[in-house]
Each structure stands twice: as C-alpha cells, then as structure tokens.
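Right, one structure below, let's go through it.
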Amino acid sequence: MMKIKNQILVTAAIMLASFFATGIRASEGDLRNIILCIADGMGYEHIKAGGCYLGTNLIFETFPYQSSMTTYSANSDTTDSAASATAMATGVKVNNYVVSLALPGDGGPLETVLEYYQARGKSTGLITTANITDGTPAAFAAHTGHRGSVNHIIENYLGFVRPNLLLGGANGLTAADATDAGYTVVTNRAGLNALNTATETYVSGQFGTNALPFHTEGLGDLPDLHEMVSVALDLLARDPDGFFLLVEEERTDSAAHINDITNCTMAVVEFSKSVEQILEWMQGRDDTLLIVTADHETGGLTVTDEGIGRIPSATWTTLSHTSNEVPVYAFGKNAHLVTNVFDNTDIN
C-alpha cells in the first residue's frame, strides 16, 4: 500500500506530536476549545443513507472545509477502532487492538491529544454511545496493549488521566469506584439533566452496563447522544482555559456489522443532530474548532435507492470493517487546515 507522505499540517485536535512540531503551536493561542466527533464505521454511503432519511444534506456536509483520509493500522490494511483512534489521538500508527502504546516499537505510552491539552490546563471529556471503556474513547485517555483490558483502562481513567467527563455505558466501571475517585455518578437521563453544571467538576455517566440500545429498541430512561453533548458543553465551557471533548456515535458501527440499514441510518441521523447542537453552541464564537470524521468504514455499504424521507434500500459487501477512505469535515478556528486528502496520522 502506498502511504500518504504529504507533509500537510492537519489539525491540532487530531494530530498531536507531528502536527505541533511543524509550527502550528504559534497559532494555537486563541484556539480555546477543540471538539472531535467520530461516527464509528461511518463511510460516505452511511452519510448518504442519513441524508436520504432526512431529505437533505447532513449538517456537516455543509462545512466549508472537507477532506478524506486513509485508516490502515500498523499491521493491517483494515484497522480496528482502537488502532484508528490511537492514530487520531497520538499521530502514531499502532497494531490493531492496541490502545495508545508504541506497538510496534518500544511499547511505551504515547501522549494523546486529550492528555496534551489537559496538561495545558484545559478540561477534558469523553462521550460515547458505546461502553466508556471501548476502543475509541480508551485511545484518548488510556494506554494498554489490548483494548479488552477493561480493568486497566478504568485504572487509567480514574487513577491517572482523569477526564472531567466520562459518559457512556459502564462495562466494569462501577459507581463505587467512580465515587471513590471523586466523580459524581449519574445513571439515567433524569440524573444527567439534574446535574448542576455550574458546580460539577468530575462526572461519570454510567448509562447501563453495555452500549446504548439501537433507536428501534428504545432508549427507555437512558440519554441519547445529543442529550449527553448538551450537558457536556454546559459543564466544560466553564473552564476559562477551554476544553477538549471527544464525541463518539458507535451505533453506526454496531448496526453496520449486522448490515442493519435501519439502525445504521438512525445512528447517522442522531450523530448529525448532535453535531448540529454543537454548531448552535458555537454561534458567535471564534475560538472553537469542530472536526467530524470516522475511524473507519464498516460493511462496504452502497445505497441503492435514494428515496427522500425514508430508510433507503442498500447492499453490503461484508459484516466487517473495510479499508475504504472516510470523510473529514471541519468548521471553526483553524478549520481551513483540513483541505487535502490525508492519512489519520499525517505521516511525514
């Protein structure tokens, strides 16, 4: 495979060490907030499916700066979420299933963009519709040789990295452990909305023991992605130094793995709704960078019937991930840097 070698300055939020080494640090002073939105498994056809349902382009398709990126890992043309998220979080290729460790390499921890900004005084948060310990969020705030090492990931979260917000399915993260670590624990939509965002500093939203249900199954008393985003923005925006926030919609991937076009489409729609909510919050601000992308494509989806206002007909080629390029959209401060085709690490 030909690796992309364009020495492109991409964005401060996705590319860490290599990006700042090129001189962007000098323009970072008035970049206060960085929001990275990832729809797991979302390729161009998934976006098309969401647009068919809504009868219009998704909000991020209207962003002024767009590109696409390759997603291969260090040991495979087809990445898993942990390796791809690690590439986005650290700027370094790792083997599949590795979470922000130099593997291949010396096995040492790779500083993530969340850790970078946290060390510079910014608040940080992870939001996902998956388990909070899943591969994508873990890559931004943990370091382990395998994404399945849940207890190690939790130890990293609570004992070392300590993001201000951890919102997602619990999957081993107990209320007692989070409380002992100084987090306020909420377990449902009512508890989330009842938080005093003017005073809370550390919040663990433990919304069930697994990933959030598909929309067709009903969410019951659990919050949807846009509801978690709303509370996160209120809480993190209090920090005068700004914040870094990861927002992941995972149900796009889960649905694509079973070739379920209905739930895949609805997940894309919810993701777009969450991005729109962020954009509304950004109105009148000139200090925030918003990036929307995916970690990889799942399913080899092709939309075959583009009827407006309904779930489209579609074909699939696989139940697994593919090596297809995925889109990148940017809006706000420094968004113009996302202007060319690039790999998820900005290989130099």
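Annotations
- Radius, Kirkwood style, for region 94-200 when every pair of distinct Cα atoms is counted (Å): 14.4
- The charge dipole of region 213-317, taken about the Cα centre with unit charges on the Cβ atoms of Lys, Arg (+1) and Asp, Glu (-1), comes to about 220 debye, rounded to the nearest 20.
- Among Leu236, Val92, Thr304 - extreme Cα towards positive end, dipole of the chain, charges at beta-carbon: Val92
- Rounded to the nearest 20, the size of the Cβ-charge dipole of the chain about its Cα centre is 540 debye, with Lys and Arg at +1 and Asp and Glu at -1.
- Cα gyration tensor, region 277-348 - rounded (a/c under 1.5), prolate or oblate: oblate
- Close Lys pairs in the chain (alpha-carbon distance under 26 Å; sequence gap of 8 or more, or different chains): 8.
- q = 0.13, 0.14, 0.17, 0.30 Å⁻¹, region 48-93: log10 I(q)/I(0) [Debye, one scatterer per Cα]: -0.48, -0.54, -0.69, -0.96
- Potential lengthening of the chain between Thr179 and Ser323 amounts to 47.8 nm, from the contour at 0.36 nm per residue minus the alpha-carbon distance.
- Dipole of the chain, positive end: most advanced residue of Asn188, Gly107, Pro163 [Cβ charges, Cα centre]: Gly107
- Region 171-313 - Kirkwood radius from inverse mean 1/r over Cα pairs (Å): 17.1
- Spatial separation of Cα centroids for region 237-314 and region 75-111, in angstrom: 23
- Percent accessible area from carbon and sulfur atoms, region 192-348, protein chains only, probe 1.4 Å: 47
- Taking one quarter of the surface of the convex hull spanned by the alpha-carbon atoms of region 108-147 gives a direction-averaged projected area of 3.0 nm².
- Here the Kirkwood formula, the inverse mean of 1/r across different C-alpha pairs, assigns region 22-101 a hydrodynamic radius of 15.1 Å.
- Across all Cα atoms of region 81-144, the radius of gyration (one decimal) and Dmax (whole number) stand at 11.1, 33 Å.
- A run of the chain free of exposed loop cleavage sites, with trypsin sites (Lys or Arg not before Pro) counted only in DSSP states other than H, G, I, E and B and at most 16 other beta carbons within 10 Å, reaches its longest extent at 121-237.
The values are calculated or read from the model by the stated rules, or taken from the named source; none is laboratory data. None of the values given here were measured: they were computed from a predicted structure. Note: ideal-geometry Cβ built from the backbone for every residue, glycine included; neighbour counts use all protein chains shown. Side chains are part of the model used for accessible areas, which takes the heavy atoms of the whole protein and leaves out ligands, DNA and RNA. Shrake-Rupley method; radii C 1.70, N 1.55, O 1.52, S 1.80 Å.
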